[in-house]
Amino acid sequence: MPDPGMPTLQGVNWGGLKTLYIKEVRRFFKVQMQTVWAPAITTLLYLIIFSVALGRSGREVMGVPFADFIAPGLIVMAMLQNSFANSSFSLLVGKMQGTIVDYLMPPLSTGELIAGLVGAAVTRAFLVGGAVWIAMVLNPGVHVRLVDPLSAFWFGLMGSLMLAFLGLLTSIWAEKFDHAAMITNFVVAPLSLLSGTFYSVEQLAPAFRAASHANPFFYVISGFRHGFVGVTDSPIWVGAMGLLVVNLALWAACYGLLRSGWKIKQ
């Protein structure tokens, strides 16, 4: 029996979890032109620029036309970046504006709080991915037909979860927007661009190839690309299970920090 006056949470507060999730989704959906459609246009511009610059004369990578090769990587890269942007925003803004109590006072367990915030970030990631895919379908110079939907879904989900957890850890640690921007510019962006999105790592020197295989973003890009073009430069099952382990470790870190109240509770 708990001590008198001590709050206890039993079961899952589905109503509270649903409310938090809807709140977070509505927050970014109110400005959907900025949070969903703008990334689609930006990614399409990347595709056009790199296709014109590097994809002329029928260039192929791993037996696939260059535009078809980079398209899946661009889709999932946009998903990763927007998943991070969404989850790194809520708690940070709450701390800066003094509204963090809105997340701490409701009768939600630590796991439910994580589920609501991360679930909204993954939702934004898949909406952005869908918007980018639609934009590419309308481009006659690229083919983005699914050949292995399960592979595309799994690696898209694992990648979105990984960046959502990383964003949540950033929002716990950060004290101002400059801190979050630092993680974006010096961690997320470099790892995304050096993950094999625009090239096959098999073309790299052995040292750089080994470094690429140590980058978890590489397995997300490679596995997601396999879902569209059927080729990969990494073992699918190694990437699938490795990303699952990484996500479990990140979830445990988020849970431990939120439960302890580090940089959240005064």
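Once you sort the root eigenvalues of the Cα gyration tensor of segment 11-108 as a ≥ b ≥ c, which label holds: rounded (a/c under 1.5), prolate (a/b larger than b/c) or oblate (the other case)? Kindly include the intermediate steps, with their values, before the conclusion.
Working: a/c = 3.78, a/b = 2.79, b/c = 1.35.
Here segment 11-108 falls in the prolate category.
Counting only C-alpha contacts under 8 Å and six or more residues apart, can you give the relative contact order of segment 1-151 as a whole percent?
Answer for segment 1-151 is 38 percent.
Between segment 77-144 and segment 149-174, how many Å separate their Cα centres?
Taking the Cα centre of segment 149-174 as reference, the centre of segment 77-144 is 9 Å away.
Taking the Cα centre as origin and putting +1 on Lys and Arg beta-carbons and -1 on Asp and Glu beta-carbons, what dipole magnitude results for segment 16-260, to the nearest 20 debye?
Around 420 debye, computed over segment 16-260.
Evaluate the distance, in nm, between pseudo-label points positioned 7 Å from the Cα of VAL93 and of LYS176 along their respective Cα→Cβ axes.
It works out to 2.0 nm between the two label points.
Based on DSSP H runs of at least 4 residues, each adding -39500 (n - 2.57), what is the mean residue ellipticity at 222 nm of the chain after dividing by all its residues, to the nearest 500 deg cm²/dmol?
Helices in the chain give a 222 nm mean residue ellipticity of -22000 deg cm²/dmol.
Using θ = phi - 60° and the Karplus curve 6.51 cos²θ - 1.76 cosθ + 1.60, what whole-Hz ³J(HN,Hα) does each residue of segment 208-215 get, with Gly and Pro shown as x?
Running phi through 6.51 cos²θ - 1.76 cosθ + 1.60 with θ = phi - 60° gives 6, 5, 5, 5, 5, 6, 8, 8 Hz.
Taking Cα pairs under 8 Å and at least six residues apart, what relative contact order does the chain come out at, in percent?
25 percent
Taking a 20 Å limit on the Cα-Cα distance, which of the listed pairs LYS18/LYS263; LYS176/LYS263; LYS30/LYS176; LYS95/LYS263 fall beyond it?
Pairs exceeding 20 Å: LYS18/LYS263; LYS30/LYS176.
Which FRET efficiency, nearest 0.05, do TRP237 and PHE153 yield, Cβ-Cβ r, R0 22 Å? Let's see the in-between values first.
On the way: r = 16 Å, r/R0 = 0.71.
Plugging the Cβ-Cβ distance into 1/(1 + (r/R0)^6) gives 0.90.
Quote the relative contact order of segment 196-241 in percent (integer), defining contacts as alpha-carbon pairs under 8 Å separated by 6+ residues. Working shown, then result.
Working: 28 pairs, mean separation 15.7, N = 46.
Relative contact order here is 34 percent.
Tally Lys/Arg at +1 and Asp/Glu at -1 over every other residue whose Cβ is under 13 Å from the Cβ of SER222; what's the total?
Net charge in that neighbourhood comes out at -1.
Every number here is computed from the coordinates shown, using simple stated rules; none is lab data. Remember, predicted model here, so these are calculated numbers, not experimental data. Quick reminder, even Gly has a Cβ in these numbers, built from the backbone with ideal geometry, and neighbours come from all protein chains shown.
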